[in-house]
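Values in this text are rule-based calculations from the coordinates and carry no lab data. What you see is a predicted model, and the numbers here were worked out from it, not measured in a lab. All Cβ positions, even for glycine, are placed from backbone atoms using ideal geometry, and neighbour counts span all protein chains on display.
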Amino acid sequence: MSTDGIYASGLGAMAQSARVDLVAQNIANASTPGYRRERAAFRLQLAGELRALRGAPVLDRVHFDGNPGPLEHTGRPLDFALRSRGFFAVRDLAGGAVRYTRAGRFALDPQGRLVTADGLAEVLDADGAGIALDPDRPAGVRLAPDGTLFQGEEEVGRLQVADFPDAGALRRHGNGLYENTGTSAPSLPSGLRLDQGYLEGSSVDPLSEMAEMIRALRALESNLQMIRFQDAVLERTVNEYGRLPR
């Protein structure tokens with residue numbers, strides 16, 4: 001017996017360990033607004049790659065669920081929810097990078113800028129500029145279904161909502177934000193519709209994720225058992241071979 005099996009089982013254990021971490025992250029974000037559950041995709045090593053690793057499962061990529069989470073009525077004037085495809089466009093106040101999010105829980109900072117709930121990014125309008133409101137009149141904000149914002153009778157901007165032909169180009173950046181790593185420019189989603197006073201919840205189903213966690217842990221343990229078994233067989237083979245008469 002060679003060490004090929006140990007290498008293959010080791011790769012399998014690493015892949016399942018990554019799967020466990022991913023499921024744990026989903027469970028931890030089961031109540032995070034706008035969170036999309038992530039799924040791991042695996043592939044087998046192909047012929048032509050290292051012989052010892054051929055046929056072993058490896059983590060190919062991580063992609064997020066395209067299904068939206070349930071909508072919750074909050075009644076807050078600055079809670080916005082998308083009933084269509086797309087993401088709100090925001091700009092990081094520290095670095096200036098444009099990010100995207102489904103979490104529509106927004107607030108006003110002391111300067112009257114419409115910002116994300118943590119205050120780290122400003123919400124962008126259709127022209128890529130920030131949106132300024134009167135901080136003394138947050139209750140007077142009204143959102144039209146097409147994303148146009150009014151304060152009183154005055155139109156103050158239109159939310160920039162971006163859709164991506166290749167959703168796989170979006171990578172999680174943290175704090176409910178995604179970054180576009182692809183080359184295709186975002187577009188306006190068809191059938192755009194927004195609701196005020198609602199918030200999109202997480203798309204994570206805790207019961208399904210717990211079942212997935214059990215399957216991942218079992219697969220991880222199976223790979224670890226195979227490593228221990230093959231290591232024991234190799235050790236015995238080496239020891240017995242060393243005692244053979246020469």
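Quick rundown of the values:
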read-out: Cα-based Rg and Dmax for the chain, where Dmax is the largest Cα-Cα distance (Å); value: 24.9, 99
read-out: Ranked list, fewest to most other Cβ atoms within 10 Å of each Cβ, for Thr116, Thr183, Thr32, Thr237; value: Thr183, Thr237, Thr32, Thr116
